[in-house]
Amino acid sequence: MAEDPRDWEVETRLVRGGMARSPYGEISEALFLTQSFAYDSAAAANARFAGDDPGFIYQRFGNPTTQMFEDRLALLEGAEVCRATASGMSAVHVALTGLLRAGDHLVAGRALFGSCRWIISEWLPRFGVETTYVDATDLEAWKAAVRPNTKAFLVESPANPLLEVTAIGAVAGIAHAAGAKLVVDNVFATPIFQKPLALGADIVVYSATKHIDGQGRVLGGAILGAEPLMTEAYKDILRHTGPALSPFNSWVLLKGLETLELRVRRQTENAAKVADAIAAHGKVRQTIYCGRPDHPQAAIVANQMTGGGNVVAFDLGSREAAWRFLDALQIVDISNNLGDAKSMATHPCTTTHRSMPEAERLEIGLTEGWVRMSVGLEGPGDLSRDVSRALDAA
C-alpha cells in the first residue's frame with residue numbers, strides 16, 4: 001500500500017509533495033508554459049467544461065505546474081485546498097472579498113501591512129463593507145466589535161512591522177461564536193513555525209513572494225482552507241476575476257518550497273543572534289523579536305509558534321537615527337522586502353506603512369525611530385558586526 005503523504009515528515013513533504021510527473025519521467029517538476037489546453041473531441045471539451053472530466057481548461061482556471069505548487073503547500077500547511085494567486089496582496093484581496101458582501105461587517109486587527117489597510121479602509125467601503133479595527137491582543141475588544149452583520153475577522157500574527165502576536169485560537173472562538181470566519185495572514189511565522197488552521201482559523205493567506213520564494217525572484221500568493229469553504233467562497237471569484245499565478249512563477253515557488261525549512265530555520269538562528277546584538281546596544285530603545293523572552297506577547301508565542309522567525313524590529317528614537325543606521329549598513333540591504341536569503345532592513349514609516357495616517361501608526365506604536373530587519377542567510381558574525389557598526393553610527 002502506498003504511503004499517505006500526510007504521514008511524511010515536513011522535509012519530505014517539501015521535496016516530494018504534490019509531485020505529478022509527465023510521461024517523460026522528469027526529476028525536476030515540469031514547467032507547463034501554456035495558456036490553454038486541447039481536447040480529443042467536442043464531447044471531451046463539453047465534459048471538461050461541465051466538470052465531468054477533471055482535466056485542465058485554461059491557465060486562468062488552473063495549470064499542472066501551479067497545481068503541483070498548490071498541492072505541496074496544502075500538504076505542508078495541513079489544508080485540504082490551496083489556491084495560488086499572482087501576489088500576496090491578491091491573496092488577501094480575494095480572501096476577504098470572497099467572504100464579504102455589501103452590508104457586511106469586518107473586524108480586523110489594527111496592526112496590518114499598509115496595503116492591507118488600504119484594501120480595508122479605502123477599497124471595501126466602496127462596495128458597502130464596513131470595518132472595525134481593534135487591538136488584536138485584546139480579546140474583549142474583539143468581542144465588543146462584533147455586530148449582527150459581522151462576517152469575517154482578519155489578523156496578521158506576527159503583525160507587520162512590530163511583530164505583535166495574537167492568540168489565534170481565542171480569536172477564532174470569538175469569530176465562530178459570532179458566525180464569522182477568521183482569516184490569518186501567516187507570512188511572518190511561515191508554515192514552518194505556525195499552523196493557524198490547526199489553531200482554529202478558517203483561512204490562511206501567504207505572500208509567497210517572501211519566504212516561500214526566499215530568493216528575490218518572483219511574486220506569488222496563496223489562500224488555504226477546508227474544501228467546502230474554499231469552493232463556496234473562492235472558486236468563482238478566482239476563475240472569473242483572473243488573479244492567476246503564472247506557470248513560471250509557480251515553478252519557481254515550487255522549487256523554493258524544497259529548501260523552505262532549511263532556509264527558515266537557518267535564518268531564525270541568525271535572527272536570534274542579531275536580535276541579541278541589537279538589544280545589547282546602548283542606542284537601541286527597544287527590541288522586539290518573537291524568539292526573545294522579553295517579547296510583549298512571549299507567552300502566546302510559546303503557545304502557538306515553534307520558532308521566532310527571521311524578522312526583528314527595533315526603535316532608535318528618531319527618523320534621523322534610523323536613517324543614519326540604514327545608511328551605515330555595508331552588508332545588509334535597504335529594502336522593503338522580507339524573507340529573502342539576503343538580509344534587508346527598512347524604515348516602515350517612510351516605506352511599507354507610509355500610507356497609514358500618523359494617528360493610526362501611533363495607535364500601533366509605530367513611531368519614526370523604528371527599523372524592521374529581515375535576517376538572511378549570511379554569516380551571523382558578519383551580520384552582527386555590520387549591524388553593530390551601523391548602530392554605532394546611528
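The values are calculated or read from the model by the stated rules, or taken from the named source; none is laboratory data. Predicted, not measured: the structure shown is a model, and the values here were computed from it. Here the Cβ is made from the backbone with ideal geometry for all residues, glycine too, and neighbour counts use every protein chain on show. Protein only, heavy atoms only, side chains kept; ligands, DNA and RNA dropped before computing areas. Shrake-Rupley method; radii C 1.70, N 1.55, O 1.52, S 1.80 Å.
Okay, here's what the table says:
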item	result
Net charge over other residues, Cβ less than 11 angstrom from the Cβ of S28 (K, R count +1; D, E count -1)	-1
For the chain, projected area of the alpha-carbon convex hull averaged over all directions, nm²	20.5
Cα gyration tensor, the range 1-95 - rounded (a/c under 1.5), prolate or oblate	oblate
Loop-located trypsin sites (Lys or Arg not before Pro) in the range 180-239, at most 15 other Cβ atoms within 10 Å (DSSP)	R217
Spin-label model distance (nm) - A226 vs D7, 7 Å beyond Cα toward Cβ	2.5
Per-pair calculated FRET efficiency, R0 = 56 Å: T34 and E363 via Cβ, rounded to 0.05	0.70
Whole-Å distance, taken between Cα centres, linking the range 279-307 and the range 189-236	25
Amide H partners (placed H, <5 Å) of Q286, local residues excluded	D315
Carbon and sulfur %, accessible surface of the chain computed with the full protein complex present, 1.4 Å	52
Gyration tensor (alpha-carbon) shape descriptor, the range 153-288, a/c threshold 1.5	oblate
Estimated FRET transfer efficiency (A20, D294; beta-carbon r; R0 41 Å; 0.05)	0.30
Ordering of 107-115, 274-282 by burial proxy (mean other Cβ atoms within 10 Å per residue, highest first)	107-115, 274-282
The chain: relative contact order as a whole-number percent, Cα under 8 Å and 6+ apart	17
Candidates H93, H211, H240, ranked by Gaussian network fluctuation over the chain, Cα under 10 Å, top entry	H240
1.4 Å probe accessible area per residue over the range 226-299, in Å²	47
For the range 261-342: rounded, prolate or oblate by the Cα gyration tensor [a/c cutoff 1.5]	oblate
Computed helical MRE - 222 nm, the chain, DSSP H runs ≥ 4 contributing -39500 (n - 2.57), nearest 500	-11500 deg cm²/dmol
Under 5 Å, built H, 5+ apart or other chain: amide partners of D185	V155, E156, S157, V205
